[in-house]
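Chemist: Submitted below is the structure of interest, expressed as structure tokens.
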Amino acid sequence: MNAATTRRVAVAAALVAAGNILSGLLGFVREPVIAALFGASGATDAFEVATRMPQLVHELVIGGAVSGVLIPLFSELADDDRRLARTFSSLITSVGVALIGVTVVLVALAEPLVAAAAPGLSAETRDLAVVMTRITLPAVLFLGLSAVTAARLYARDRFAAPSFAPATLNGTLIVLALALTPVVGPVGVAIGYLAGAGAHLLVQLPALVRDGVRVTAPAWRGNPDTARALRLYLPIAAGFVVAQALVIVDTNLASRTGEGSLAIMRFATRLQQFPLGLIGSAIALAFLPVLARSAPEKARDLANAVEFKSALVAAARSAFVLMVPVTVILTALSVPVIRVVYERGAFDAAATDLTGLALLIYAVQLPITVLDQIFIAAFYATRNTLTPVLVGVGGGLAYLVVALALIEPFGVFGLVAANSVQNSLHGVVLGWLLWRRVGGFGDPGLWSFGVRVVAAGVCAAVAGLLLREWSVEALAPDGAAGWRVLLVSGTGILAVFAAMLLLLRVPELPMLARLVRDRIARRGITVSGSNE
């Protein structure tokens with residue numbers, strides 16, 4: 001990649017990462033607030049079911065289309081205002097109409113849906129889940145429209161507004177949960193979720209206006225771009241049917257392993273999703289427009305697509321080197337992390353130990369999962385939406401085999417392990433298929449790079465475990481390994497990892513440092529063509 005593209009991608013990644021950091025920090029507030037209000041209880045289980053429902057529908061109808069179809073398509077049309085306006089108008093109208101119909105039907109069927117998704121819930125918890133689900137389901141409409149607007153803004157290199165939109169959802173949810181729950185009970189947090197989804201859309205509208213967006217009469221017929229978007233999305237939709245069916249199975253099985261199991265999975269999942277959003281999503285979204293513009297029209301030309309391969313390798317290497325120390329922290333210090341983030345109010349020490357074990361099992365997959373996000377973006381950029389779906393189906397079958405084998409002896413932790421196996425297998429297989437599709441990644445030093453980063457991670461893990469034992473004895477003799485243990489051990493892990501990267505001459509560390517330094521020195525620079 002040339003210097004201008006590198007700077008543009010770096011600024012875009014920084015904006016997405018900043019939005020993810022703010023959203024994640026608010027998430028760190030949101031989840032402890034829910035934990036303090038309800039603990040690992042039936043009320044939390046009910047809210048988990050109520051939020052899984054709209055997420056399921058959102059992912060099925062629009063979620064995968066953002067990176068899989070809309071950003072690549074809008075990126076191609078970014079220089080043709082007329083085609084972009086026509087296609088955007090057709091798609092956002094279609095999504096709105098479809099989601100209104102789906103929402104009305106699902107609200108009417110909330111009771112049987114909850115019963116089917118989580119049959120193991122007690123009658124009282126199930127009734128609460130039905131009420132919460134009817135409140136949260138309309139959020140699907142707001143999130144769907146927001147997804148289309150975000151894709152258009154990303155394609156035009158306007159990253160700020162869509163990057164910070166998730167933070168508005170979390171912030172609104174936190175405020176209303178604290179304000180309404182004492183008044184209306186647990187449904188207050190469901191109301192907060194719905195209002196947050198509305199804020200997620202509203203915060204992007206000023207950016208659309210500044211970008212001069214034009215909404216024209218939708219043209220569903222005779223628009224080849226809309227037809228192409230639908231054709232590319234059909235495999236994604238089929239894949240999400242399978243994926244969300246697995247979510248329902250996962251919810252069903254977890255509800256049978258005892259009250260609080262869904263809560264344990266929720267709290268641990270949110271923590272491991274934070275670095276995935278901060279690192280994986282930020283880098284994938286920042287590189288996706290570049291990958292889409294540099295990908296050749298014909299698959300056979302990928303072997304000679306030098307710029308495409310260069311962007312792909314840069315994205316993968318950066319994501320991997322950033323994720324390894326995070327993985328070490330979340331595995332070596334899983335219990336202190338849970339204690340610092342969650343242990344207060346109704347969330348007690350017993351819940352901390354259980355959730356810490358779940359986090360450890362989830363976290364081991366992170367280096368492969370973050371690469372998987374890059375690989376998926378690369379396939380989408382080459383207008384191949386079928387292969388990731390087929391690999392996802394295979395991963396789903398692997399999940400079922402592992403889950404059914406482990407749920408009996410290990411309960412909810414067997415399901416957590418099955419999820420980790422599923423995600424890891426998806427990343428490995430998709431990476432191999434991508435390597436074959438592009439005729440090699442064009443970087444003979446990749447294996448050496450991977451070995452050096454893993455070696456640095458192993459040294460950091462050893463240092464972290466030793467520091468954890470020392471800090472527990474010296475700083476927390478009562479055994480309450482809290483923020484002091486986490487601060488000392490986490491700092492040690494990062495310091496040892498950075499030192500080993502320098503010692504082993506891994507170029508990504510000084511490269512990232514230069515990008516940050518250049519960004520600070522060029523504070524007047526904005527994303528090319530952006531007025532945000």
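Chemist: Hull surface divided by four, with the convex hull built on the Cα atoms of the chain: how many nm²?
Modeler: 24.0 nm²
Chemist: Going by a ≥ b ≥ c, the root eigenvalues of the Cα gyration tensor, does the stretch 97-203 fall in the rounded group (a/c under 1.5), the prolate group (a/b larger than b/c) or the oblate group?
Modeler: Cα axes put the stretch 97-203 in the oblate bin.
Chemist: Can you send over the carbon and sulfur percentage of the accessible area for the chain, probe radius 1.4 Å, protein chains only?
Modeler: Roughly 68 percent of what the probe reaches on the chain is carbon or sulfur.
Chemist: Treating only the Cβ of Lys, Arg, Asp and Glu as charged (+1, +1, -1, -1), what charge dipole size does the chain show about its Cα centre? Round to the nearest 20 debye.
Modeler: 1740 debye
Chemist: With only alpha-carbon pairs counted, each pair once and no self-pairs, how large is the Kirkwood hydrodynamic radius of the stretch 43-172 in angstroms?
Modeler: Averaging 1/r across every pair of different Cα atoms and inverting gives 15.9 Å.
Chemist: Note the full-extension length gain between Asp81 and Arg505 as 0.36 nm times their separation in residues minus their Cα-Cα distance, in nm to one decimal.
Modeler: That works out to 148.0 nm of additional length.
Chemist: Hey, can you find the accessible area per residue of the stretch 397-509 for me, probe 1.4 Å, expressed in square angstrom?
Modeler: Roughly 53 Å² per residue, with all protein chains present.
Chemist: Keeping every protein chain present and rolling a 1.4 Å probe, give me the accessible area per residue for the stretch 231-370 in Å².
Modeler: 34 Å²
Chemist: To continue, here is another question. Sorted by mean Cβ packing within 10 Å, highest first, what order do the peptides 77-85, 133-141 take?
Modeler: The most tightly packed comes first, giving 133-141, 77-85.
Chemist: Now for a separate question. Say the dipole of the chain comes from +1 at the beta carbon of Lys and Arg and -1 at that of Asp and Glu; which of Ala108, Leu262, Thr382 then lies farthest toward its positive end?
Modeler: Thr382
Chemist: Can you list the HN-Hα couplings for the stretch 338-350, worked out from phi with the Karplus curve (6.51, -1.76, 1.60; θ = phi - 60°), rounded to whole Hz and with x for Gly and Pro?
Modeler: 5, 4, 5, 7, 10, 6, 6, x, 7, 8, 9, 5, 4
Chemist: Output needed for the stretch 289-433: three equivalent-ellipsoid semi-axes, defined as square roots of 5 times the C-alpha gyration tensor eigenvalues, in descending order, whole Å.
Modeler: 35, 19, 10
Chemist: Jot down the per residue volume, in cubic angstrom and as a whole number, of the convex hull over the alpha-carbon atoms of the stretch 241-310.
Modeler: Taking the convex hull of the Cα positions in the stretch 241-310, it is 125 Å³ per residue.
The values are calculated or read from the model by the stated rules, or taken from the named source; none is laboratory data. These figures come from a predicted structure and were not determined experimentally. Every residue, glycine among them, receives a Cβ derived from its backbone with ideal geometry; neighbour counts consider all protein chains shown. For accessibility, only protein heavy atoms count, side chains too; no ligands or nucleic acids. Shrake-Rupley method; radii C 1.70, N 1.55, O 1.52, S 1.80 Å.
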